[in-house]
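Any read-out appearing in this document is the output of simple, stated calculations on the displayed coordinates, not a laboratory observation. Just so you know, these numbers come straight off a predicted model, no measurement behind them. Cβ atoms come from the backbone with ideal geometry, glycine included; neighbour counts cover every protein chain shown.
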Amino acid sequence: MADSTVVSDQQPPGSGQTTPSRGPYIAVVTNRNTNLVIRGFMLFSIGVFLALVLNLLQVQRNVTLFPPDVISSIFSSAWWVPPCCGTASAMIGLLYPCIDSRLGEPHKFKREWSSVMRCVAVFVGINHASAKVDFANNVQLSLTLAALSIGLWWTFDRSRSGFGLGVVIALLATLSTQLLVYNGVFQYTSPDFLYIRSWLPCIFFAGVITMGNIGRQLALLHPPAL
C-alpha cells in the first residue's frame, strides 16, 4: 500500500499527474550560477523599468527636482537613477529567497504570479498617491502611506523575515537619500524630515516588499535538487 502513494513531484512527464508549476523559462537552466545571473538580470530590468516610470511621476508632480544640467536623459531622470534602482532591485530580489533558505522558512504565502502582479500594481498605486493625492498636511500623508505599505506587506507577504528586512533596507535607503540630498545631487520640494519627505521610508518599504516577492517567485523557478 505504501508503494502506491506517489508524490506528484516525482511523477514522470506524461504520466497524467499534475505537478506544481515551476515555470518553463528559468527552470530549464540547471546550472545554479547561470540561473542566479538570469534571475539577477530579470530583477535588474524590472527595477530599471519601475524606476523610470515612478521617477517620471515624481518629476512631473515636482516632488523631486534635479539640477538642469543633469536632466538630460530619458524620462527627465538623472542617468544614475535607473541603474542604482535596478542594482538595488536585483540585490533585494536575490536576498529575500536566500534569507528564507537560511532561516529554514520557505515562503509559501500567495506564491503565484497573479498575486505578484497585484503586489506591483499596489506598489505603483502607493507611489502614485504620494505624488498626486493632496492631504491637509504631510503627517496625514505619511500616516496614510505607512498604513498602505504595511497593508501591502500583510496582503502579499506576512513573513517576519520579509517585514524585518523591509524595515532595515528602507532605513538604509532613507539614510542614503538624505546624504544625496545633503550633497546637492537632487532635492525634494517642501522637505519635512530633515532633507526629504517624511513618507519616503514608506515608499522604500513597499518597494522592498514588492521586489522581494518578485525575487521569491523567480526563485520558485529553480529546478528541484536531485
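Shown is the FRET efficiency for Val133 and Arg102, computed with R0 = 41 Å from the Cβ-Cβ distance and rounded to the nearest 0.05: 0.60.
Expressed in nm to one decimal, what extension gain is obtained for the pair Leu180 and Thr34 from 0.36 nm per residue of sequence separation less their Cα-Cα distance?
Working it through step by step, the gained length comes to 49.1 nm.
Residue by residue, region 126-138 carries 3J(HN,Hα) couplings of 5, 5, 5, 5, 5, 9, 10, 6, 9, 10, 5, 8, 5 Hz when phi is fed to the Karplus relation 6.51 cos²θ - 1.76 cosθ + 1.60 (θ = phi - 60°); x denotes Gly or Pro.
Residues whose amide H lies under 5 Å from that of Phe193, counting only those 5 or more places away or on a different chain, are Ser198; hydrogens are built 1.01 Å from N in the peptide plane. The alpha carbons of region 78-189 give a radius of gyration and a Dmax of 15.8, 45 Å, in that order. The calculated FRET efficiency for Asp192 paired with Trp80, based on their beta-carbon distance and R0 = 22 Å, is about 0.30.
By average Cβ neighbour count within 10 Å, what is the ranking of 133-140, 167-174 from highest down? Numbers along the way, then the final one.
Details: 133-140: 10.1, 167-174: 16.8.
Result, highest mean Cβ count within 10 Å first: 167-174, 133-140.
Entry for region 31-222 at q = 0.08, 0.14, 0.18 Å⁻¹: log10 I(q)/I(0) = -0.26, -0.78, -1.25, Debye formula applied to identical alpha-carbon scatterers, no solvent contribution. At full extension, Leu171 and Trp154 could sit 4.2 nm farther apart than now, given 0.36 nm per residue minus the alpha carbon distance.
Taking the mean number of other Cβ atoms within 10 Å as a proxy for protection, how do you rank 183-193, 37-47, 210-220 from highest to lowest? Show your work: numbers first, answer last.
Numbers: 183-193: 13.2, 37-47: 18.3, 210-220: 24.8.
Taking the mean over residues of other Cβ atoms within 10 Å, the ranking is 210-220, 37-47, 183-193.
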